[in-house]
Amino acid sequence: MNYSNKWLKGLVFGLITLMLIISVVSCAPKPAAEEPAAEEPAAEEPMAEKTSVTILIPDNPAEFHGYGAGTGFEEVISELVMLSVAEVDDQGNYFPELATEIPTVENGGVVMDEETWEVTVTWNLRQDIYWEDGEQVTADDVIFTWDAVQAAEIWSSSGDATESVVKIDDFTFQVNYYYPNPEYIIHFGGEDFPIFAEHYCDADQGYYEWNCTREPLSSGPYTLAEWVTDDHLTFVRNPNYYDAPKPYIDEIILRIVPDESVKRAIMDEGDADVHYWPAENNALVYQEEGNGTKWAVSPTERWIMKIFPNTKARGDTPGEETIPHPILADKSVRHALRMAIDVDTIINDIFLGFGEPVWSEFFRPPFEDSCGIPRPEYDPEGAAALLKEAGWEDTDGDGVNECHGCLNAEEGDLMTMEFMIYAEYGETLELAHQFIAEAWANIGVQTELSIVEGAVLWAQVEDGGIELAGNFDINMWDNGYAGVDPTAYLWDYYYYASDSEWNLANWTGEEAEAVAALVDELYTVDEEYRMEVFCDIALILEEELPAIELFSTLEMFGLSDRIQGVRPTAFDILTWNVADWTVEE
Amino acid sequence: MITNEKTFEQSGEINNIIRPPETMMSLAWKRFRRHPGAMVGAIVMIFMILTAVFAPLSPYDPVKSDIKNRFQAPSWEHPFGTDGLGRDLMTRTFYGGRVSMTVGIMVVAITLGIGIPVGTIAGYYGGWIDNILMRIIDATLALPALLFMILLAAILREADLPIVESNSKMTIALVLGVLSWPTVARLVRAVFLTLREMDYIQAAQALGASDLRIILRELLPNGFGPIIVQSTLGLGYAIMEESGLSFLGFGIMPPTPSWGNMLNNAQEHLIQYPWLAIFPGIMIFLTIISVNYIGDGLRDALDPYKVLAEIGE
Amino acid sequence: MGTYIVRRLLQAIPMLLIVSIVLFGLVNLAPGGPLSQFSRSRRMTAERAESLKRQFGLDKPVPVQYVVWLVGNDWMKVDTTGDGILDSHGTRKGILRGDFGFSYKTREPVLDEIGERLPNTLYLLGFMMLFTGLIAIPIGIISAVKQYSAFDITATTLSFMGQAIPDFWFGLILILVFYATLNNPFTGEALLPSGGMYTLGAEFSIWDRIKHLILPVTMGLVGWVAWYSRYLRSSMLEVINADYIRTARAKGQNERKVLYKHAFKNALIPVVTLFALDFPYMFTGYIYAELIFSWPGMGRLYYDAATSRNYPVLLGVLIIGAGIVIISNLLADIAYAYLDPRVRYE
């Protein structure tokens, strides 16, 4: 039996050796994606303590632009390393980045042909901006990036309007539009249009295969030093940054921490400076004085929690000639559902005060006073009465309404539906979900709750995507438009004939056609007229309720007391002004 | 739990001694009573079952919110405190016990429902049927368990299947049960393989007894002990795994409480409102520990060698 | 023995094939598609969806997709432009030739993604297994040798408790206690780090690595040690009472020698088997610990892929995982046969 003794020793020895090898291999310093530049500025300046800021995010970003996968952090990292032509600040003002100034009609940068409505925009680029390898940033880079995006068939409203983008000289290019493009300023900037380096990226690979989207060349304040997938990304100063002595902070670290309570613990310990999108209960703690933390919030309430009622029978995809939903096709029912929801309690008690009631798409500037639409009342009795009027009443005492002369269902059918949310938001939305379901149950509307991943809720029809396939009754999630112009958003979500398929309520009929006609009117430069049209649309939407707006959910950020200058924008990209951040001990 | 289910066969020899069931049972009970852990476990378990059974006696509703009383610390009024919608946590914990234990029992039912027939057929008939069934079992065991459960949970909860639709208890039980039956199948097969060749079975066959009769009357009772032990332990695993899947977001749908989803919801509030996590955690802990002790006691009690030693054979 | 191994290996092939068909079918049956991660963005147009589908090969029927996934499509012509004309050879090689496709999220080859995370998982679980052995084996032996002693009762009780703690819950408690509450009395810093593999930006140090390992390893150890020590105890007890040990005793051999030489060695046989059966965890990772301790391992790779329906990654991990399970089972059987002279396979 001696052999087994040896065998065992061998096994133990082997295991220990394996351990050692593994630990040595995985302990060995990972090769940096790009070597930090050798000529650190510290060489000339007096030796100061290296400043470092840590940002906690839950998910590994996919790459340095937001056109592919949408974890929400692609733009955050691209802002650290790349500049755009023009951007929006936290006040909603446009400012040039690579450009010398914003072209306007006044300064001659925007010229409109009165006859054909064609518009030409001319951009001049700064001549003092260099890539980190020393090459100059030129109009070629802008056009190269634009061509790549076009080749990748990425849709944008600017893209639809664009006839051509033409290089005039190295630092000037001209954009020709078929018609006035309301988003022309952020056509090459804003949320997700970082300019890539033509000489560095391999155009033949196509936009999605670019290695430069994983290891981009920097024109911005920082450059990527290390990226350990699912663990962290380290950024160090770009020594070639044009706006010296910015950036003030030597090193930015994005640490990927999936668990919410762990992130909170890390912030409490002072081991991180930014907690991206904290849950409401944590935001409340960050907000309080004396915890070593503070918070920041996006200035405009972009994300509106909404209820999407399906007006067509389950399984009917948008655009087809279809059967009305037995319960929800009746707009009185939709109004009753809204009346039964106690929005104030949801905001104050469940969302801990982080939110404002919203009842129209046109609730924030430039629109005034939600186009004069009064706030709907919370009135459960009124809701029950309205349902009764619509032919839904509980006569057998089982707590669930039956159809008694209702519009679209069979006599005696039960008022029972599925009510769905998405999982990623977290517990707060789950509580609101249950709370609303209970309020509806009190007026005899029975709902069966379900929670699915966003990947399923918003998938393509062929993949069993629940919303696009029309396979739902009532869904609740947050969306909204960035910036100040909801035109494209309206076109997507309310245009009944749109092939974007995002008319989720499957809303059709005379009023839907009226809204579509009004949306078509919006493509003009007459701002006053547009405001009128917007408010006309608002009135129809209020009457019809193809979507029920509830409240704005805030884009929040937990911050450490020491970090200064963090000013979130309406686009939620915290890092847009990272070069201005400082640390105060 | 990272440990997977281990087979009973590995830890104890399968009995091949036939005794009249009455004597076996009473002796087993005697032995079981003498196992202190098992007795304590049984008492705790009975208590847990009672809390679940009498949960409706609570003055509070497990689902109805009381938003003004959210996140109350434990008090006389709410011994376990309240949750994010002001619901009494004790009531929810006891109702959660119903759900978690129901899921556990359903998993065991699925396990036995597939495992016993498959094991029986394989063990009794042998030959090519056995061969095919064993390959299926091997293939099932080749699936990385937790990964497969995650995939299945993700599919089943959106699938429009008649049984699982709108029944998250059934969904989760299917997910947990679909990989656990091979253990029981192998167990039953092993018992049958040894017994099949015994004289009295051969005699029964010679006398013209039907296969079904032999299986039900002569063979199955002999596999009873190990199956019972395996089922008890399986119940514990199912409750544990339900909570694990809930943590990953694939558990029972709210507002129905289960220990798993309560624990999962508590996670965001761990620092501020620790009681949210403590009570469901303790319930899971107590249930699993008593189930394991009971299983241990049963294993001892039903061990034929020890029983035989007892009666001096 | 040689023919036995060959036969088992040959049997593994059809088994893997069946498993791969089942997995591929299930994954494609799953609602929610890989394109869904793009579609919340309003930039998703029907044309682009079509083109992405073509690019990903998702426009074909599922059986065709399976064949392409398995054996590739570089031997046949495919339509890359969507005009219905087969214009060029495909580029996929198929998993049989080591091409697991590329991740929809990052567009990196699946094997690269796995390669990036596998060492981290091996590192964590390797230490977990090592310490499981170092702790569980002595506990199991002493418990068995001194059956019903105070030590045995304590160890048994603790191991029952260890098996009953939900591990993810335990992990969060560990962070609360050792990171958020307790501080190092000398430096005032948190006693142990909250997660990650090492302190970012710090110089490499062994102590730093160890500090980062303590909590995640502890989280997993509790369950494993509980299980292994109990298992070893019962297999040890069985051996102690076996005839040949009694014979050895009867022959007047030294008790210590009997126990530690004969009994332990034989009791270890099933434990080694068990170890081999748990080996696949080294590949599939420990999802709970990785999520809680922000550990960039295989478990999180899979979990992310499952929630975002990243098919190639999902399938890659599953099928390699299944392969490793099968090989481990085989190794377990071989080890069993090798260690236990009573077992002989034809």
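Rounded to the nearest 0.05, what FRET efficiency do A:Glu356 and A:Ile540 have when you use their Cβ-Cβ distance and R0 = 25 Å?
Using R0 = 25 Å, I get an efficiency of 0.60.
Sorted fewest first by neighbouring Cβ atoms within 10 angstrom, A:His275, A:His335 come out as A:His335, A:His275. Among the listed pairs A:Lys306/A:Lys331; B:Lys30/C:Lys257; A:Lys306/B:Lys64, a Cα-Cα separation exceeding 28 Å is found for B:Lys30/C:Lys257. List residues of the range C:128-145, by number, whose backbone nitrogen lies under 20 Å from a label position 7 Å along Cα→C-beta of C:Met161. Backbone N within reach: C:132, C:135-144. In this structure the amide hydrogen of A:Thr447, modeled in the peptide plane, comes within under 5 Å of the amide hydrogens of A:Met417, none closer than 5 places in sequence on its chain.
For the pair C:Phe151 and A:Asn291, label points projected 7 Å from Cα toward Cβ lie 4.9 nm apart. Within the protein assembly as shown, DSSP assigns beta bridges of which about 75% are antiparallel (rounded to the nearest 5). Axis angle, to the nearest 10 degrees, between helix B:168-177 and the longest C-alpha principal axis of chain B: 40 degrees. Placing a pseudo-label 7 Å from each Cα along the Cα-to-Cβ vector at B:Arg196 and A:Ala385 gives an inter-label distance of 7.7 nm.
Efficiency by 1/(1 + (r/R0)^6): what FRET value for A:Thr51 and C:Asn183, r their Cβ-Cβ distance, R0 = 22 Å, to the nearest 0.05?
0.35
Between the range A:370-400 and the range B:42-110, how far is it from one alpha carbon centroid to the other, in angstrom? Computed from Cα coordinates, the inter-centre distance equals 33 Å.
If R0 equals 41 Å, the separation of the Cβ atoms of A:Ala441 and A:Glu527 corresponds to a calculated FRET efficiency of about 0.35. Pairs with C-alpha atoms separated by more than 29 Å, drawn from the list C:Lys105/C:Lys211; A:Lys312/A:Lys388; A:Lys50/A:Lys294; C:Lys146/C:Lys265; C:Lys146/C:Lys211; A:Lys263/C:Lys105, are C:Lys105/C:Lys211; C:Lys146/C:Lys211.
For the range C:111-339, the gyration tensor built on C-alpha atoms gives an oblate shape. Its axis ratio a/c (a ≥ b ≥ c) is at least 1.5, and a/b is not larger than b/c.
What percent do you get for the relative contact order of chain B when only Cα pairs under 8 Å and 6+ apart count?
Computed value for chain B: 29 percent relative contact order.
Within the shell of other residues whose beta carbon sits under 14 angstrom from the beta carbon of C:Thr157, the net charge comes to 0, with Lys and Arg scored +1 and Asp and Glu -1. Sorting C:Leu301, A:Leu387, A:Leu539 by the number of Cβ atoms found within 10 Å of their own Cβ, with the fewest placed first, yields A:Leu539, A:Leu387, C:Leu301. Site pair A:Lys246 and A:Gln136 shows an inter-label distance of 2.2 nm when each label is modelled 7 Å from Cα along Cα→Cβ.
Bear in mind these aren't lab numbers, they're just calculated from the coordinates by the rules spelled out. This is a predicted model, so every value here is computed, not measured. All Cβ positions, glycine included, derive from the backbone under ideal geometry; neighbour counts span all protein chains shown.
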